[in-house]
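Presented below is the structure to which this report refers.
All of the numbers you see were taken from the coordinates with simple rules; none came from a lab. Source: prediction; values computed, not measured. All Cβ positions, glycine included, derive from the backbone under ideal geometry; neighbour counts span all protein chains shown.
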Ligand code: ARG
């Protein structure tokens, strides 16, 4: 939803936010006071949650006999009207009314008159904003979890299609041992599962309702906090009113989870960037997910992957920003906490975009099987297989096997050939008991097929994991 533009501060004589709290003031706020205080440009994104919270509060006030049924009905129909105005883009967001809470309340007063003034009974903006923000973050966490699952499904499909495709596995970005492309992609399925778990955990802890804590100390009215909590889908009301209005760790937890997830997405993106270089040439992305250069006609740039890689900065930055705001704040509410929303909004926007871009790239990735296989065979990537063979067949201690293999690599390197191009004579000059059976383990295919240990890269193993995941998702 693109929110409508904000109208400039009111001209003198018209109502301002002061009309909601200005009883004990004799002067209007200075321009700079107004400028630093205003948050409607940002927190208007909470409008749905604000209306939802107000409806629940209003129903509860009526059911508990705190306000009359008629007033409650007027308030509810006014809120319906406001909902329609905002979703149709014709709500007058006004800086003069500071934030989303007072914009809605002021509009309610314009629409229904005096009854609007009863909505704020037994409520403060402090518990109101805490409730709105929890609802918003909860919704985002749900969306992130659903998107993570989509990305996992896309990875699973690709992994299944390419369970047998052999590529080099790297350590230090040097060819290490052959693996399969399917196995490599499945590593990200595992990471993303833990990421979803972190959002799930954060969601479970955030799902308690601050509403009814009022300003900080609770309310003298006979409110029913269990009722509002249940109506808003929370597990329970928060147990301590001071904590209820002061806590923002729910947002920090989600940002921490987002930052870790962003780190994982950046690693996948980095691999896509590297794999797409002509030097690697492991994968291709279609035209619609790459860009050209305005000067170099031959270029095909992986901009989407690079930007996903970069978005991580905003995610981690948001966590640092909010934890710095919260550090050292005395209980209960301080206006510092109004600064909680920009980093969270920005981070969640960046994360959604990064997840969607990742999803599109994963679905569209096309590996070049020939280049991957050729690269898998280069760099003496089956050297460990040779050493393992010496241990298994000749019962050599691994260290000694390692040394002999190193000599074999040196011999091959000097001759400019692969390990499996060395003749039996050459190999026997290093260890006379070596026999022709050794050639069975020197191919990359044999190497990959032999790694049958739980979680290993052998295609059977990878397929078994894919089946398991397909059931779990
Ligand atoms: N706009 C404020 C915020 O986001 C709402 C709470 C204001 N409360 C107060 N006591 N001034 O934090």
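Overview of results
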| item | result |
| --- | --- |
| Sorted by Cβ neighbour density within 10 Å, fewest at the top, the residues 331, 394, 355 | 331, 394, 355 |
| Kirkwood hydrodynamic radius over Cα pairs of the stretch 421-466, then Stokes diffusion coefficient at 4 °C and 1.567 mPa s, in µm²/s | 106 µm²/s |
| Per-residue [θ]222 nm for the chain (sum of -39500 (n - 2.57) over DSSP H runs n ≥ 4, rounded to 500) | -19500 deg cm²/dmol |
| Distance from the stretch 261-333 to the stretch 81-103 (C-alpha centre basis), Å | 35 Å |
| Label-reachable residues, the stretch 214-232, where backbone N falls under 15 Å from a point 7 Å from residue 240's Cα toward its Cβ | 216-218 |
| For the chain, share of DSSP beta bridges that run antiparallel, in % to the nearest 5 | 75 percent |
| Two-decimal Rg/Rh across the stretch 69-222, once Rg and the Kirkwood Rh are taken from alpha-carbon atoms | 1.26 |
| Debye-sum result for the stretch 332-473 in log10 I(q)/I(0), which assumes one identical scatterer on each alpha carbon, at q = 0.09 Å⁻¹ | -0.51 |
| Mean shadow area of the stretch 188-265 over all directions, Cα convex hull, nm² | 5.6 nm² |
| For q = 0.20, 0.22, 0.29 Å⁻¹, Debye-computed log10 I/I(0) when each Cα of the stretch 165-213 counts as one equal scatterer | -0.76, -0.82, -1.00 |
| Radius, Kirkwood style, for the stretch 138-202 when every pair of distinct Cα atoms is counted (Å) | 13.0 Å |
| Fraction of the pair-distance distribution of the stretch 15-142 above 17 Å, Cα-Cα pairs, percent | 59 percent |
| Gained length - residue 193 relative to residue 440, 0.36 nm times residue gap less alpha-carbon distance | 85.2 nm |
| Alpha-carbon Rg with Dmax, taken over the chain, Å | 30.9, 102 |
| Full-extension gain in nm, residue 413 to residue 114, via 0.36 nm per residue minus C-alpha separation | 98.8 nm |
| Hydrodynamic radius of the stretch 369-447 per Kirkwood, over alpha carbon pairs, in Å | 12.6 Å |
| Gain on full stretching of the segment that runs from residue 139 to residue 378 - 0.36 nm per residue minus C-alpha separation | 81.2 nm |
| Per-pair calculated FRET efficiency, R0 = 35 Å: residue 453 and residue 301 via Cβ, rounded to 0.05 | 0.35 |
| Stokes-Einstein D for the stretch 18-90, Kirkwood Rh over Cα pairs, 20 °C, 1.002 mPa s (µm²/s) | 146 µm²/s |
| Long-range Cα-Cα pairs in the stretch 297-370 (distance over 16 Å), rounded percent | 62 percent |
| Label point distance in nm, residue 36-residue 87, each placed 7 Å from Cα along Cα→Cβ | 3.9 nm |
| Theoretical FRET efficiency, 1/(1+(r/R0)^6), r = Cβ-Cβ of residue 215 and residue 146, R0 41 Å, to 0.05 | 0.70 |
| Reciprocal mean inverse distance between Cα atoms of the stretch 260-400 - Kirkwood radius, Å | 18.9 Å |
| Measure of compaction for the stretch 263-337 (Cα Rg per 2.2 N^0.38 Å) | 1.70 |
| Cα-only radius of gyration and Dmax that characterise the stretch 186-325, units Å | 22.3, 73 |
